[in-house]
Amino acid sequence: MAIELKLQAFEGPLDLLLHLIEKNKVSIYDIPIALITEQYMEYIDAMTEASLQMDTMSEFLVMAATLLDIKSRMLLPAEKDEEGEEIDPREELVRQLLEYKTYKYMSFELRERENSAQGVWFRKQSIPRQVLKYREPVDPHELLDKAGVTLPGLYRIFQEVMKRREDLKDPIRAGFGKIEKEQIDTQEAMQFVERYIMNRRRCTFKALLMLREGRMYTVVTFLTILELMKRGHVYVVQETNFGEIQIEANDPSQWTDEEDDFLSEWSEESDAGEGEK
């Protein structure tokens, strides 16, 4: 029986076999090998006359050899497997045809989707800014319940973490504060102390120290009092041990000022020493 074939209508030997099975309206699970092989060989003869490319021709020749092998095996007594069941020589060919048919029709489905997608247009996102910024409120109790965590458990973990941080601290250096250089104008501080005493005529050493903060001011105040005592500008009284130190200004007639100005000299030396540091 002669059949008309278009040489470029099939993509491979499996495609041709599938076409022949559908054309003859036979079951793919019960292929009439003799009929299909005969029609397949007619297509091979047509390919030979058309002088197709060698790589294309070789694929069809391999399948022709496979069909002839299956046809010859079906003429022999049926082979049996280890369980005693007959082995169908067409089984491997049927499996290949089923896989090819599946992928073929999947490709048709993808092609249809591609064609339908060509007519679809998408517009740009136009969601209001307020909607984009919205975040669903989080219920912490619900999150803790899902995770199986309780607030006392979280607090215990927090305490353990804080304890580990405390253990990492250096017990000696951790207590050090920030060391900063005190900025003080010694000349101005000494003159301030002297004016304060002369204006009030009487005060306590503690009151002088409370006027300003800083260790440098304390040192300057102490040296200023000593120098004023030396010159006779003030006299100092302490009635009891560790008691309040009272400072009182003397009458100018009792002053014994020297030619050099101690306040200015000591201030200049202190400022120079700070600059060298």
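The values are calculated or read from the model by the stated rules, or taken from the named source; none is laboratory data. On a predicted model such as this, the values are computed, not experimentally measured, just so you know. Positions of Cβ are generated from backbone atoms using ideal geometry, with glycine treated the same way; all protein chains shown enter the neighbour counts.
Regarding R95, is this residue among the charged types (D, E, K, R), exposed (fewer than 10 other Cβ atoms within 10 Å of the Cβ) and at pLDDT 80 or above?
On the way: among the charged types (D, E, K, R): yes; exposed (fewer than 10 other Cβ atoms within 10 Å of the Cβ): no; at pLDDT 80 or above: yes.
So R95 fails the test.
A quick yes/no check of all residues on (1) in a helix (DSSP H, G or I); (2) under 52 Å from the mean Cα position of the chain (by Cα); (3) over 18 Å from D15 (Cβ atoms):
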{"position": "P77", "(1), (2), (3)": "no, no, yes"}
{"position": "P89", "(1), (2), (3)": "no, no, yes"}
{"position": "L93", "(1), (2), (3)": "yes, no, no"}
{"position": "K104", "(1), (2), (3)": "yes, yes, no"}
{"position": "S107", "(1), (2), (3)": "yes, yes, no"}
{"position": "R113", "(1), (2), (3)": "yes, yes, yes"}
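Mind counting the residues in region 84-100 that are without any contact (Cβ under 8 Å) to a residue 60 or more places away in the chain and in contact with a Leu (Cβ under 7 Å, 6 or more places away or on another chain)?
Residues that pass the stated criteria total 0.
Identify the single condition in (1) at pLDDT 80 or above; (2) surrounded by fewer than 16 Cβ atoms within 10 Å (Cβ to Cβ); (3) outside any loop (DSSP other than H, G, I, E, B) that K71 does not satisfy, given that it satisfies every other one.
Answer for K71: the failing condition is (2).
Return a yes/no flag: does region 91-108 have any residue that is small (G, A, S) and in the same structural domain as E38 (by TED's automatic domain parsing).
We begin by selecting, within region 91-108, every residue small (G, A, S); these are 107.
Narrowing the set further to residues that are in the same structural domain as E38 (by TED's automatic domain parsing) leaves 107.
Checking region 91-108: at least one residue is small (G, A, S) and in the same structural domain as E38 (by TED's automatic domain parsing).
Yes/no per residue for (1) over 30 Å from F205 (Cβ atoms); (2) at pLDDT 80 or above; (3) assigned to a loop (DSSP other than H, G, I, E, B):
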residue: G153; (1), (2), (3): yes, no, no
residue: M162; (1), (2), (3): yes, yes, no
residue: E166; (1), (2), (3): yes, no, no
residue: P171; (1), (2), (3): yes, no, yes
residue: K178; (1), (2), (3): no, no, yes
residue: E182; (1), (2), (3): no, no, yes
residue: E188; (1), (2), (3): no, yes, no
residue: Q191; (1), (2), (3): no, yes, no
